[in-house]
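What follows is a set of notes on a single structure, which appears directly below.
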Amino acid sequence: MKSMHSIDLETVEMTLDIMKYAINRISNTSPELGKPKKEQDLLDLVGETITKEGIGGEKAFELFRDTLVKAAVPVDHPRHLAFVPAAPTRAAILFDLVTSAASIHGAYWMTGGGGIFCENQAMKWIVSLTGMPEDSFGVFTSGGTSANLSAMIAAREYWRDLDENNQGLKALMITSKGAHSSVKSMAKVIDADIITIDDDNEHRLTGEYLDKCISELSEFDRKRLFAVISTGGTTNAGIIDDLSGIADICERENLWFHVDAAYGGAALAAPSVRHLFDGIERADSVTIDPHKWMFSPYDCGAIIYKNMELARNAHSQKGAYLDIFKDEGAQGFNPSDYQIQLTRRLRGLPLWFSLAMHGTEKYTQAIERGLSLANNAAKQIKQQPHVELIREPGLSCVLFRRIGWTAEDYRDWTYKNHSEGFALVTPTKWITNAENETCARFCFINPDTTEKDIEDILKTMIE
Ligand SMILES: *Cc1c(COP(=O)(O)O)cnc(C)c1O
């Protein structure tokens, strides 16, 4: 019997078919906005696909291309403005294919050297955007969630090593209401308690509020407090905390200062808003997701540390069969020493290739484009009687209301636009006068979105 790894004419034909599809998809700037179907409906359409003999590559691919992929939403559609969309560059997507084809183990320099070199070149640029001190560096992770988790683990280990009395204490951290849901989830993973404090009138966590919160802690809670998690661009509204004020308090109190800039961090490359991040250079760790606003394909996050040594103390795995990787001769930068994952894909490679090809200036332009689309949307909303801006755009997020609409109206509108294959724009909630109001939200990432797209979406809210 022919083996799975052999190459014959059929495999070559299938390869060409699949590459043709990939090339077409990569060149298509306005893919069909797919609609999810129920699992049973999909099963009825395609049948069981895993069988003892296999259904053959041609058949399996056909099912995917003609049916299954159409039951998913392409996140790079220019009228996909929900959640945080994405718009990977063509260069980055192509190199995602190359990353798989190259089959490189990205955990250790000994095996991944040339690829890790590329990742590190891209990382050097990201770190430079933060203005963090020399010797700060980072690694690519599967996303913001694992970046945040990796940072919290490093922070807690550091705190435990500070004082042996801390060893037996349940750790405590402070964050804000606007923090991303992953912060709370990851606190659960490390079994730490979390205090969510109020933000100021502009919904920012400030040094003043942080100071007040710490001064009101019991002596016991103060002892177990180890970190403050601030946000550099909230996911819902693009709000950046008072990073300088928070840095002051963290330095005074010897607390780990983490900035979660998973969504917003790319805007460090945009001169028009860079000043809003002042203070980020004093962070102990920063999360930035290249798969959000740095035009990388999924999945690619990044965690940057001021002191890499502290991250390595927390994360470096030890094992008899791993020692060789850390020996002289294999010496080089080992990404697995700085985050939770051991075996890893070189997930920074697509970003590297795209950055190398286009240069950083193009990144600045594309990110500024997202900001200017948000400003344009705000302008159009102000000019139209049926809609009302809730707040000025925060980075590329725009919150607005359709006058007179209830939560159900927003929901129906979302489903209608989606089922017509026109747009994906979802509602969110915003606290207005102590009330949790349902409203509409745009988040701009894709530079191919046009002002006309915005106009057309606003029109769908008229009736
Ligand atoms: C998206 C986001 C995360 C989570 O990142 P994933 O890549 O989805 O794991 C964390 N924090 C913020 C602020 C985010 O916007």
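What follows draws every value from the coordinates through simple rules; no lab data is involved. These numbers come from a predicted model, not from an experiment. Note: ideal-geometry Cβ built from the backbone for every residue, glycine included; neighbour counts use all protein chains shown.
Remarks
- Taking the number of Cβ atoms within 10 Å of each Cβ as an exposure proxy, the fewest-first ranking of LEU43, LEU373 is LEU43, LEU373.
- Shape of the chain from the C-alpha gyration tensor: oblate (a/c of 1.5 or more and a/b not above b/c, with a ≥ b ≥ c the square roots of its eigenvalues).
- Secondary structure note: in the stretch 104-357, about 35% of the DSSP beta bridges are antiparallel.
- Cross-link reach list, aspartates and glutamates versus LYS2, counting only Cα pairs under 19 Å and skipping chain neighbours closer than eight places: GLU10, GLU13, GLU53, GLU58
- Sequence-distant residues sharing a close amide H with THR432 (under 5 Å, placed H): GLU437
- Within the shell of other residues whose beta carbon sits under 12 angstrom from the beta carbon of SER396, the net charge comes to +2, with Lys and Arg scored +1 and Asp and Glu -1.
- Antiparallel bridge percentage (DSSP; both residues within the chain; nearest 5): 55
- Student exercise, the stretch 1-157 dipole from Lys, Arg, Asp, Glu Cβ charges, in Debye to nearest 20: 360
- With neighbours defined as other Cβ atoms within 10 Å of a residue's Cβ, the residues HIS386, HIS315 order from fewest to most as HIS386, HIS315.
- Our summary gives the stretch 361-459 a relative contact order of 29 percent, counting only alpha carbon pairs under 8 angstrom and 6 or more residues apart.
- For the stretch 164-222, relative contact order (Cα pairs under 8 Å, six or more residues apart, normalised by length) works out to 31 percent.
- Three-way shape call for the stretch 1-114 based on the alpha-carbon gyration tensor, with the a/c threshold at 1.5: oblate
- By the beta-carbon count within 10 Å of each Cβ, the least crowded to most crowded order of LYS326, LYS416, fewest first, is LYS416, LYS326.
- Helix-only [θ]222 nm of the chain, DSSP H runs n ≥ 4, -39500 (n - 2.57) each, per residue, nearest 500: -13000 deg cm²/dmol
- Compactness of the stretch 104-357 was expressed as the Cα radius of gyration divided by 2.2 N^0.38 Å, which yields 0.98.
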